Structure formats: C-alpha cells, structure tokens
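Structure first, commentary second.
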Amino acid sequence: AQRVTQPEKLLSVFKGAPVELKCNYSYSGSPELFWYVQYSRQRLQLLLRHISRESIKGFTADLNKGETSFHLKKPFAQEEDSAMYYCALSRLADTGRRALTFGSGTRLQVQP
Amino acid sequence: EAGVTQFPSHSVIEKGQTVTLRCDPISGHDNLYWYRRVMGKEIKFLLHFVKESKQDESGMPNNRFLAERTGGTYSTLKVQPAELEDSGVYFCASSQAPKNEQYFGPGTRLTVT
C-alpha cells in the first residue's frame, strides 16, 4: 500500500523568505508525485507533477527516490502563496489505477 | 471550458436518511473519481470510473455507498442510510488520457446530524 506523509500541519513564513514544504512517500512500485494547492474558497488544483519537471508560480519539486521525498520549494514566498498544499501520489506503471493517495496537507501562511 | 461541477454544494440530513450527490465531469473526460475528506483526516479515494465501468472501487467504505455513472457522463454517489461518520466533503475529479491530470470539482459538504 502507498502512503504520503506531510509532517507539518502549518508552516508560517514572512514574505520574501524561502519556503520548503516537506513530503515523504512510501510505495514499492514506480510512483508519480504531485503537488495540489487549494486557495481560500477555491477548488483543489494541480500545482505541479514530477514528470513535467516544471516550475509553476516559482515553485519547484524534485523527486528523490533515495530519500523517498518530493519536497516543494520556493526561494521567495509571496503573500498570495498562502494556501493549503497537498502532496499526492499515484501509480505510474499501472495506468488503470490512477487514484491519488493524498498527504494530510500543510497550510502555508505567508505574513507581510 | 466548464470545469467539474458538483451538486449540491451543501447537504444537511439526519442519520438514517438518504442523500445523492452528483458530479458532472469535464466534457469528454473518460475518467471520473470520487474522493472524500472526513473531519480531521486526509482526502481519501473512494472509486474510479472509466466511462460507465467501475475501474477501481477499493476505497468504498461499505455497502451503504453506491456509485453510478450511467451512460458514461455524470455520476451519482448515493449514501443510504447515512451515518454520522459519513459527514465530510465529497470531491469529484475527472481526467483524460494520456495526460491524466485530475481536475477537481468544488466538493459537496455533507453533514449528517
């Protein structure tokens, strides 16, 4: 069975400070990792996925298979980054079973 | 492009009653997923449709939950009879191969009293 762990319920930083939201996973197969974000009064939306290797809104995340981690980073936080962030995993090889396993989420507060 | 829609946005029912939640996926999306988040817990997968077929229903908690997707378009999730522990937010998501990016609806908040 797969599992996603986000150890921090709340992360509070000041504007302009670096941000790192932690995510660790356990899965015996080949995973696909995602970060989803939910801004206040909005729906869950995909922020980035590891296979795309993109930088979205200044955020990046690198899959580290040795440490089974997929931490989300941004060098300079902005107030509009305040939101709930969820790390999620799906099975890469099994295209028929693409359900997401979510972590418990981390609330990021960026203070002015 | 219209996103995933869910109806109702909120539902308050008494224990023992029946509730039916509806999800309309993005047009053309074959994959439809149901998830839920109960109070204080993670968002958990319930089941996955590919067109009208149930591809994976391993997350359905018990036989009080029945999901359908007749015609492969919208889906309904019925809870009968509802129990207190069913309270939470029920999300629907849809996706299409090959990108398989899941687009989420706004959720239905279910409160069982």
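The values are calculated or read from the model by the stated rules, or taken from the named source; none is laboratory data. For clarity, every value in this text was computed on a predicted model and none was experimentally measured. Please note: Cβ atoms are built from the backbone with ideal geometry, for glycine as well, and neighbour counts cover all protein chains shown.
Numbers for the structure displayed
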item: Count - residues of region B:72-102 that are facing another protein chain (nearest Cβ under 8 Å) and at pLDDT below 95; result: 5
item: Tabulated pairs, region A:37-54, first closer than 19 Å to residue B:3 by Cβ and in contact (Cβ under 8 Å) with a residue 12 or more places away in the chain, second surrounded by 13 or more Cβ atoms within 10 Å (Cβ to Cβ) and of a type in the set (Ser, Thr, Tyr), C-beta under 6 angstrom, 6+ apart or interchain; result: A:37/A:85; A:44/A:36; A:46/A:36
item: Hits in region A:60-105 - residues which are surrounded by 21 or more Cβ atoms within 10 Å (Cβ to Cβ), under 10 Å from the mean Cα position of the chain (by Cα) and among the hydroxyl-bearing types (Ser, Thr, Tyr); result: A:85, A:86
item: Qualifying residues in region B:1-28 (those that are assigned to a strand (DSSP E or B) and among the aliphatic types (A, V, I, L, M)) - the one nearest to the other protein chains (Cβ to nearest Cβ); result: B:21
item: Number of positions in region A:36-68 that are within 14 Å of another protein chain (Cβ to nearest Cβ) and hydroxyl-bearing (Ser, Thr, Tyr); result: 4
